Structures are given as C-alpha cells and as structure tokens.
Amino acid sequence: MYPNLVQAGPLSVGTHDFFSLLALAVGFAIYYRTLRARGMLDERIVLVSMAVVLGGIIGARTITAWENTDEIGRALDAGAPISWVILHGNKSILGGLAGGFLAGVVAKRALGYRRSTGDSYAVAIAVATAIGRVGCFLSELPLGTPTTLPWGMSVSADAASSFPRCPGCGGPMHPSMLYEIAFNVVAAALIIRLGRRVPVQGDLLKLYLLAAFAFRFLVELVRGNEVQLLGLTGPQIVLIPLLAWLGVHFWRRYRANAWHVPAPPPALVPEVT
C-alpha cells in the first residue's frame with residue numbers, strides 16, 4: 001500500500017489526501033463548465049456552491065461519527081477542540097453527498113434561487129467519486145472480504161501490519177474500491193450520453209444517487225467493514241433512509257405521471273383542391 005504519494009525529507013503528501021483534493025478540483029471544474037454551458041453562472045450560484053462544499057465536508061466527517069464515539073470522547077477529554085475532532089475524524093463519501101445535497105437545498109431556499117441545479121452535479125460527482133476511490137484503493141485496507149475469484153488481490157504482511165484491523169489480509173480480497181471506480185466511470189458515460197432523456201429537471205442527479213447508493217449497499221457485502229447492527233455495516237445503516245427517501249421520491253413521480261412525455265402532434269397534410 002502507498003499511504004504517502006510523495007515523501008521528500010520532512011515533506012510528505014498523503015495518497016488519500018492528494019486524490020481527495022484532485023477529485024474535488026476536477027469535480028468542480030466539470031460542474032463549473034456545465035453551469036457555464038447552461039448559462040446558469042451568477043453570484044447566487046457561487047454562494048450555493050460554497051454552501052455545498054461546506055455541507056459536504058461537515059457531512060463527510062460527522063455522518064458516521066457514532067461509529068467512533070470512544071475515539072471522539074478520548075480526543076475531547078484530552079482537550080482537543082471539536083473543530084480538530086471533525087477535521088481529523090473518519091470521512092464518508094455518503095456523508096459528503098448527503099451533507100452537500102442538504103446544504104444546497106437550504107442555501108437555495110435562503111437565497112430565493114428556484115432553478116434546478118442538481119443535474120449539473122451528476123457527471124461531476126461520478127467522476128470525482130471515481131478519482132477519490134483511487135486514493136482509497138492505494139492507501140486503505142482491507143480492500144474487501146476474502147475471495148477465491150481470479151481478480152482477488154493480496155497485500156504484503158508489512159502493509160497489513162500498519163493497519164489496526166485488516167481481516168482477510170492473509171489472502172486474496174475483493175478489490176471493492178475498483179468495483180466502485182468501474183461503476184462511477186460507467187455512470188458518468190451513461191449520464192453524458194443519455195442524461196438529456198430525463199424529462200424532469202433535478203431527477204438526473206437523484207437517479208444517479210439512487211443507483212450509486214444501491215450499488216454501494218451491495219458492495220458493502222464484500223467491503224470488509226465491521227458489522228454494527230442487525231448484520232449491517234455502518235454505511236448500510238446510513239444508506240437505508242437515503243434509499244427510502246429516493247424511493248419515495250420516484251414513487252411520487254410515477255404516481256403523478258411526471259415523466260410522461262406527450263406524443264408529438266400528427267403532421268398536417270395539406271388539403272388537395
């Protein structure tokens with residue numbers, strides 16, 4: 001594994017941090033280009049975007065904090081400020097998506113901005129997630145649960161020893177991060193090619209989130225995270241209400257026939273006199 005991408009004397013660049021920042025930069029470049037192409041750039045969009053970033057950071061750091069209450073308690077007892085605990089705690093892409101989405105909704109309502117901007121994020125989020133998962137693949141263990149499939153991947157004993165918990169590191173593991181990278185690359189390609197066929201603004205992003213959350217729920221079966229409750233991992237517990245909310249949303253769309261596109265009127269045939 002490669003926890004540090006660059007190590008030059010006292011200077012080190014963490015692999016995970018590098019790819020996280022790269023993902024953020026590329027994602028916002030795609031988002032900016034999409035907004036400009038749609039003629040949606042203005043001062044309020046800048047403020048909304050800043051709120052999305054802040055909400056994403058807070059959500060990524062706090063949504064799974066309940067899994068690490070002991071570590072957080074020890075840090076606070078030692079005198080660490082809550083800001084330090086938030087910045088140095090575990091990160092979750094699920095929390096980042098949920099926090100960013102909620103912050104965007106709140107910011108738009110506060111600013112009185114009524115145009116739908118969600119679809120402008122769809123490709124950006126898929127590409128950024130794929131890039132970020134490269135950093136996870138290169139720097140995190142376990143890669144996944146043990147497997148006998150031909151694409152299972154093993155790591156050295158030295159790499160495994162640097163992690164406090166690495167079940168399955170004694171043999172081939174599912175490369176679960178690569179599964180997510182492949183999913184998001186395919187998702188980005190489909191959004192670019194077919195996204196304009198979604199007739200309701202804002203639903204393209206929600207479709208991506210529904211598919212991404214469902215896929216992540218399944219990946220958790222081979223991810224190697226600790227079981228927290230009722231045989232479910234922490235991310236699966238977080239995903240259940242998110243999937244339920246999206247399911248209700250699209251059920252309402254179906255009941256309202258919101259995606260129905262009326263057939264074009266028949267061509268007029270001139271009368272022959």
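Count, please, the residues in region 199-209 that happen to be at pLDDT 90 or above and more than 14 Å from the chain's Cα centre (by Cα).
Qualifying residue count for the region: 2.
For region 170-219, which positions are under 14 Å from Thr147 (Cα atoms) and touching a strand residue (DSSP E or B) at 6+ places or on another chain (Cβ under 9 Å)?
Passing the criteria: Gly170, Gly171, Pro172, Met173, His174, Pro175.
Can you run down the residue pairs with Cβ atoms below 6 Å, 6 or more apart or on separate chains, where the first is in region 34-54 and more than 14 Å from Tyr121 (Cβ to Cβ) and the partner is assigned to a helix (DSSP H, G or I) and not polar (S, T, N, Q)?
Short answer, once both residue conditions are applied: Leu41/Leu35; Arg44/Leu111.
The conditions are (1) closer than 16 Å to Phe215 by Cβ; (2) assigned to a helix (DSSP H, G or I), and Ala110 fails exactly one of them. Which is it?
Among (1) closer than 16 Å to Phe215 by Cβ; (2) assigned to a helix (DSSP H, G or I), the lone unmet condition for Ala110 is (1).
Restricting to region 210-267, count the residues that are over 30 Å from Arg165 (Cα atoms), outside any helix (DSSP H, G or I) and at pLDDT 90 or above.
Residues that pass the stated criteria total 0.
I'd like the full set of residues that are in a loop (DSSP other than H, G, I, E, B), of a type in the set (A, V, I, L, M) and either within 26 Å of the chain's Cα centre (by Cα) or closer than 26 Å to Ala23 by Cα (or both), limited to region 146-187.
Val155
Could you tell me whether region 31-50 includes any residue that is under 17 Å from the mean Cα position of the chain (by Cα), at pLDDT 80 or above, among the hydrophobic types (A, V, I, L, M, F, W, C) and not in a loop (DSSP other than H, G, I, E, B)?
No, every residue in region 31-50 fails to be under 17 Å from the mean Cα position of the chain (by Cα), at pLDDT 80 or above, among the hydrophobic types (A, V, I, L, M, F, W, C) and not in a loop (DSSP other than H, G, I, E, B).
The values are calculated or read from the model by the stated rules, or taken from the named source; none is laboratory data. Keep in mind it's a predicted model, so treat the numbers as computed, not measured. For neighbour counting, all protein chains shown are included, and Cβ atoms are generated from backbone atoms with ideal geometry for every residue, glycine included.
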